[in-house]
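The values are calculated or read from the model by the stated rules, or taken from the named source; none is laboratory data. In this text the structure is predicted, and so the values were computed from the model without any measurement. Cβ placement follows ideal geometry from the backbone for every residue including glycine, while neighbour counts extend to all protein chains displayed. For the accessible areas, the whole protein counts, side chains as well, though only heavy atoms, and no ligand, DNA or RNA atoms are used. Shrake-Rupley method; radii C 1.70, N 1.55, O 1.52, S 1.80 Å.
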There are 2 protein chains.
Amino acid sequence: MKLFSISLILVLILSGSLCFSQSGEPVKEDFKPSVLNQPGKEYPMVNSQGYARFRIEAPEAQSVVVSLGLGGTKGGTPLAKNEDGVWMGTTSGPMDEGFHYYHVTIDGGVFNDPGALNYYGSVRWESGIEIPAHDQDFYALKDVPHGNVQQVLFPSKSTGTSRRAFVYTPPGYGQDKAKRYPVLYLQHGWGEDETAWSNQGHANLIMDNLIAEGKIEPFIIVMTYGMTNEIKFGGLRNFDITPFQTVLVDELIPYIDANFQTLADQPNRAMAGLSMGGMETRMVTLNRPDVFSHYALLSGGVYAPEDLMDHSNLKLVFISCGSKERPDGVKNAVVALKDAGYNAVSYVSEGTAHEFQTWRRSLYQLAPLLFKE
Amino acid sequence: MKLFSISLILVLILSGSLCFSQSGEPVKEDFKPSVLNQPGKEYPMVNSQGYARFRIEAPEAQSVVVSLGLGGTKGGTPLAKNEDGVWMGTTSGPMDEGFHYYHVTIDGGVFNDPGALNYYGSVRWESGIEIPAHDQDFYALKDVPHGNVQQVLFPSKSTGTSRRAFVYTPPGYGQDKAKRYPVLYLQHGWGEDETAWSNQGHANLIMDNLIAEGKIEPFIIVMTYGMTNEIKFGGLRNFDITPFQTVLVDELIPYIDANFQTLADQPNRAMAGLSMGGMETRMVTLNRPDVFSHYALLSGGVYAPEDLMDHSNLKLVFISCGSKERPDGVKNAVVALKDAGYNAVSYVSEGTAHEFQTWRRSLYQLAPLLFKE
């Protein structure tokens, strides 16, 4: 009986239906297509433990390696060619819940996985994969009333261009012509652009669901390009916020207030940003406390109490990050702000790093705190 | 002197700065980055004659071939590896003006060009390249008032899903709460989806420019997925329009009329489609003359006079195609319709085939003819 079991396991291992991870834990063979695949594509797949499996057709290639995560910090997953000439491979361990960028290096060249949808990150359109999260319900597409995400092209004299922004308007927007809404200006991170918060962030679905559950009063979200991608890491010391601040405060905000049903005053205007967008949020809000009343930094630095001394009309400071980042820095900063009398809130996303699951959760935590007065 | 010239030409040829095309005409070395490249990417490039030049990094690859056009009908452009390990190549001849889909076959696998933006066509996200057209001004991004393109998620009981549509609203939409607009329902072709008309078609910019020049009265455009991509070529005989017609007429149109400032009646509703979207337009308009008053088929079949006998409230039939398709079929059909007393207009796009430049021009010709009464 024991012999039979061992034989069966050997057969299963040889047939590829049972594998063991680096940690020795068996990899469950319940792989399903990632929800971010292109229509009709089976691969990449993910399993219930968070492993990802890839399949790339390139029969004459010499090497195919999948790189997951910003800067390849999670290491590469080399694929092996099977007898059909197809390259396949599974990550050596489970991945964090949520969204990850990745690409495929084929014979030394960097390409996207033809099976996956593309998302703008690392200053290029990258492949995206989604590890189902235990709390994915809050950004799921449900049968509830949906707001719209609209592309606007606004004139920018300072840059001499028509610039793009995306505007989330809540369900029912425009039905009551007299109704006006507060506005959150929400920034992406370095390497990303104005598509990030709707595409990989699901900001619109997070809002739709919060509104449907009655957890927030509807507001508008405006997302535009933060002009961050010309800045190299290490060049941040010399970063000049002026060009972006001019576009945002002097050009975009007046355009939004002229073309949407906004509450066009400081108490009804918030700014938030992730990573480098947090750094921009910090600089812009410190420069222009007359424009924004609610400030939020998502994995993007902190405020010290002395930074905010002149901010008498400040309503809320929200600071967050993932538990795999520097949560103590976030918590300590908020304790100091509270001690100094500010309305400050910290949030730490459990089990996530400097990635979009941290920021989806941060938006979900932030939204109910905005525009309460 | 003559010797010197020949030497110079030889040097130029050997140094790669002067090449000759298949036809013997010299290829002009005025290549510039395609306007559809990803931010900051130099390649692919196009020159003033319509040649395209590609550059792919894949140092260990055995073969790299660029495939241009639907089904590779334009043939492949094999790239050659230079001394830096970079693959480069130029098309063997000039390409038609306008937008083309393409992909790159690397060691037998199909990938996108990391330099180019992606567009949904051939049932996948493909690379896109733009050959500057002599008439590109009509879809250029100009410093004029811009309308918005908004994503709506509408409930569909018949399919049990939230479905996506994009809605173009003209500049100033919503300012005058009492103003209402006619609506054009505009369909993509096989292999494409609801993103096609805004992304590769520039439908929004065509409208913005026509409105800025006072050539049309503003109207709304609605674009949704035509459910065409499950249909294989050759299976068209058995094509059932019912599921899509239900989504369009019974679900999307009521949603649009409930949520936008529309003129919600038959005289103010048009339907148009390209290629397989034209076939769908033909079927839906023939089934439901009570819903639409203006019909347009762009490279998507024709109407015969007897098809329209019961269509007493028909205002306009517009039929178009490229000169490299079957222009005589389009012209003859319109002559027959006119002879039978219908308000019919034909349009043939000079020098273009079954591609988006034909359809951009068709929309530009069609828009001023819509909703005139």
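Side notes on the structure shown:
- Using a 7 Å projection from Cα along Cα-to-Cβ, the label point at B:ALA178 is separated from the same position in the remaining copies by 1.7 nm, smallest value first.
- In order through segment A:98-107: 3J(HN,Hα) via Karplus (6.51 cos²θ - 1.76 cosθ + 1.60), integer Hz, x for Gly, Pro: x, 8, 9, 7, 7, 8, 10, 9, 10, 6
- Calculated label separations, B:ASP339, copies of the chain, 7 Å along the beta-carbon direction, nm: 9.3
- Using the Cα coordinates of segment A:62-194, the gyration tensor eigenvalues translate into equivalent-ellipsoid semi-axes of 38, 21, 13 Å, sorted from longest to shortest.
- Total charge dipole magnitude, segment A:17-132, about the Cα centre, Cβ charges on Lys, Arg, Asp, Glu only, Debye to nearest 20: 160
- Length-normalised contact order of segment A:234-373 in % [C-alpha pairs under 8 Å, at least 6 apart]: 19
- Over segment A:17-132, accessible surface divided per residue gives 41 Å², non-protein components excluded, 1.4 Å probe.
- Among the residues of segment A:147-180, those with an accessible-area drop of 30 Å² or more from chain alone to full protein complex, heavy atoms and 1.4 Å probe, are A:ASN148, A:VAL149, A:GLN150, A:GLN151, A:LEU153, A:SER162, A:GLN175, A:LYS177.
- Model label zone, B:LYS324; criterion: amide N under 15 Å from point 7 Å along Cα-to-beta-carbon; scope segment B:102-128: B:102
- Relative to its residue count, the protein assembly as shown spans a Cα convex hull of 202 Å³ per residue.
- Rounded Å value of the spacing that divides the Cα centres of segment B:176-248 and segment A:168-211: 24
- Amide H to amide H distances under 5 Å link B:LEU184 with B:ILE220, B:ILE221, B:VAL222, B:ALA270, where only residues 5 or more positions off or on other chains count and H is placed in the peptide plane.
- Listed residue (A:LEU36, A:TRP87, A:ALA258) projecting farthest to the positive dipole end of chain A, Cβ model: A:ALA258
- Highest average packing first - A:313-322, B:308-317, Cβ atoms within 10 Å: A:313-322, B:308-317
- For segment A:17-132, the percent of C-alpha pairs falling in each 5 Å distance bin, counted from 0 to the bin holding the largest distance, reads 2, 13, 23, 26, 22, 11, 3, 0.
- Segment A:138-369: antiparallel DSSP beta bridges as a percent of all, rounded to 5: 35
- Chain B: most fluctuating residue of B:GLY226, B:GLY93, B:GLY50 per GNM, C-alpha cutoff 10 Å: B:GLY93
- Length-normalised contact order for chain B - Cα pairs under 8 Å, 6+ apart - percent: 12
- Surface share of carbon and sulfur [accessible, 1.4 angstrom probe, percent] for segment B:17-132: 53
- For B:LYS324, the aspartates and glutamates whose Cα falls under 12 Å of its own Cα, not counting residues fewer than eight places away in the same chain, are B:ASP96, B:GLU350, B:GLU355.
- Links that overshoot a 21 Å alpha carbon limit, given the list A:LYS179/A:LYS215; A:LYS338/A:LYS372; A:LYS142/A:LYS315; A:LYS177/B:LYS179; A:LYS41/A:LYS81: A:LYS142/A:LYS315
- Selection from A:GLY201, A:ALA140, A:ILE319 lying farthest towards where the dipole of segment A:138-369 points positive, charges on Cβ: A:ALA140
- With the label put 7 angstrom out from Cα along the Cα-to-Cβ vector, B:THR161 ends up 3.4 nm from the copy partners, going from closest to farthest.
- Seen against the Cα atoms of chain B and their longest principal axis, helix B:276-287 is set at about 10 degrees.
- In segment B:223-347, the inverse of the mean reciprocal separation of distinct Cα atoms equals 15.2 Å; this is its Kirkwood hydrodynamic radius.
- Estimated dipole of segment A:292-373 in Debye, rounded to 20 [Cβ of Lys and Arg +1, of Asp and Glu -1, Cα centre]: 300
- For A:GLN365, neighbours were defined as the other residues whose beta-carbon sits under 13 Å from its Cβ, and their charges (Lys and Arg +1, Asp and Glu -1) total +1.
- Vicinal HN-Hα couplings computed from phi for segment B:85-92 (Karplus, 6.51 cos²θ - 1.76 cosθ + 1.60; Hz; Gly/Pro x): x, 9, 8, 9, x, 10, 4, 6
- Accessible area in the full protein assembly, largest first, 1.4 Å probe, for A:LEU184, B:LEU236: B:LEU236, A:LEU184
- Under the criterion of Cα pairs below 8 Å and six or more residues apart, the relative contact order for segment B:17-132 equals 26 percent.
- This model, with +1 at the C-beta of Lys and Arg and -1 at the C-beta of Asp and Glu, gives the protein assembly as shown a dipole about its Cα centre of some 360 debye.
- Placed amide H near B:THR352: partners under 5 Å, 5+ positions off or other chain: B:SER323, B:LYS324
- GNM result for chain A, Cα springs below 10 Å: residue of A:GLU325, A:GLU83, A:GLU355 fluctuating most strongly: A:GLU83
- Using distinct alpha-carbon pairs, which all enter the 1/r mean, Kirkwood radius of chain A in Å: 22.3
- Taking Cα atoms only, the orientation of helix B:2-14 departs from the longest principal axis of chain B by about 60 degrees.
- The phi torsions of segment B:256-273, fed into the Karplus equation with coefficients 6.51, -1.76 and 1.60 and a -60° offset, translate into couplings of 4, 5, 7, 10, 10, 7, 9, 8, 8, 9, 4, x, 10, 10, 10, 9, 9, x Hz, rounded to whole numbers, with Gly and Pro shown as x.
- Neighbour net charge for B:HIS311 - beta-carbon separation under 13 angstrom, K R +1, D E -1: -1
- Comparing A:GLN62, A:GLN49, A:GLN245 in a Gaussian network model of chain A where C-alpha atoms under 10 Å apart are linked, the largest mean-square fluctuation is found at A:GLN62.
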